[in-house]
Amino acid sequence: MVDDMLRTPRAVRDAERFTAHNYHPLPVVISSAEGAWLTDVDGRRYLDCLAGYSALNFGHRHPQLIAAAHAQLDRLTLTSRAFVHDQFADFCRELAQLCGKDLVLPMNTGAEAVETGIKVARKWGYQVKGVPAGQANIVVAEGNFHGRTTTIVSFSTDEDARADFGPYTPGFTVVPYGDLAALAAAIDENTVAVLLEPIQGEQGVVVPPEGYLPGVRAVCTERNVLFVADEIQSGLGRTGATFACDQDGVVPDMYLLGKALGGGIVPVSAVAANADVLGVLKPGQHGSTFGGNPLACAVAVEVVRLLATGEFQRRSAELGERLHAGLGGLIGKGLVAVRGRGLWAGLDIDPALMTGRQACERLMERGVLAKDTHGSTLRLAPPLVITAEEIDHAVAQLAAVLAG
Ligand SMILES: *Cc1c(COP(=O)(O)O)cnc(C)c1O
């Protein structure tokens, strides 16, 4: 304990003294960053292999995004949606085009995008599908992570996320992830939506079996149910495509976006869908004071433009192969399984060796920052600007940690 106190930087202890302990951060205090690299208060550099849970897909302080933010700060930052501002239309049009949808609805955090998706699906269910009042249900998957609001944790299967936060919001049916028959069986005449992550990030970058997402698409179409894809972590280049759904040839009825949409600068989230779905909302029925604000739109439209070049999706696909080849070489040498796509990997460390937390602490000592999820599972999600050499460096450090 005393040893621990001495080794823990003072800023870490101060932070613990004055905040709720809803996180257990690594004992590192960051003061600046650029690209894929972080620098701490003592000038030590770390390779970022978490990228703010994919909020930093374009790296820290991408010049084009920072320039857009600076320029917007000097002109206009907030109007509320009571007035229209000059950054709004371009952002909404370009994001809708990127998604191949008619409309978008901007919000701030990922959880708000999920809440928006749930509200829209329910209203669509009552007004378009003809579900009897108060009877709508939504099918979700075991192991899901969709955010932290009271409604969202109501259908979480993670006891830490859920326990003692009830009473829970009804109207959700949980089925095993990846089991198409179970999903089809859970749908009834009052089902308005299936809400899924195309790859489950927090669960440990769990990729569903081949054919699952196309199967979900087909069942949803056949049963007149909306397929809502939570691409908040998987989308916007992370898996080597604009959307993880693209890689399975699947187009959902609704995309939920967040994290990287704000370029690592401001929280920006959005729902994208066609007019027959998002068009159910009328004035006064949903909103957000900060949603779609000028600063958010100025940054996010540049995010959309970066993605429209395809460069980041390509980098993620190509460098992802290198990352997965490197990690695959560690199976049997401390790793028992590696999953994922593009620059996104979930690693199961042999639990006899160390916990995920211990692995992260040892990686930190070697200048690589990553985050454990559950037990001995690690998640790697570096910024998409990372280079081949930096990937090799990260894999080498992990190999050294596993070798003890
Ligand atoms: C992070 C995340 C959310 C919640 O986003 P917040 O911005 O933290 O509210 C929702 N869904 C998925 C898949 C996520 O990874």
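Quick note: the coordinates plus some simple rules give every number you see, no bench work behind them. Source: prediction; values computed, not measured. Neighbour counts run over all protein chains shown; Cβ positions are idealised from the backbone, glycine included.
Overview of values
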{"quantity": "Loop sites in the stretch 1-105: chymotrypsin sites (Phe, Trp or Tyr not before Pro), DSSP, at most 15 other Cβ within 10 Å", "calculated": "Phe18, Tyr23, Phe83"}
{"quantity": "For the stretch 76-308, alpha-carbon Rg relative to the globular expectation (2.2 N^0.38 Å, N residues)", "calculated": "0.96"}
{"quantity": "Descending Cα extents along the principal axes, the stretch 341-404, whole Å", "calculated": "33, 22, 14"}
{"quantity": "Helix 294-308 axis, angle to the chain major axis (alpha carbon atoms, nearest 10°)", "calculated": "80"}
{"quantity": "Burial ranking of peptide ranges 247-257, 391-401 (average Cβ count within 10 Å, highest at the top)", "calculated": "247-257, 391-401"}
{"quantity": "Fluctuation leader among Gly258, Gly166, Gly334 - the chain, Gaussian network, Cα springs under 10 angstrom", "calculated": "Gly166"}
{"quantity": "Tilt relative to the chain, helix 388-402 - C-alpha long axis, 0 to 90 degrees, to 10", "calculated": "70"}
{"quantity": "Convex hull volume of the chain per residue (C-alpha atoms, cubic angstrom)", "calculated": "152"}
{"quantity": "Filter on Lys282/Lys371; Lys259/Lys282; Lys123/Lys259; Lys101/Lys282 - keep pairs with C-alpha separation over 30 Å", "calculated": "Lys282/Lys371"}
{"quantity": "Degrees, to the nearest 10: 88-99 long Cα axis against longest axis of the chain", "calculated": "80"}
{"quantity": "Lys, Arg +1 and Asp, Glu -1 on Cβ, resulting dipole of the stretch 62-116 about Cα centre, debye, nearest 20", "calculated": "40"}
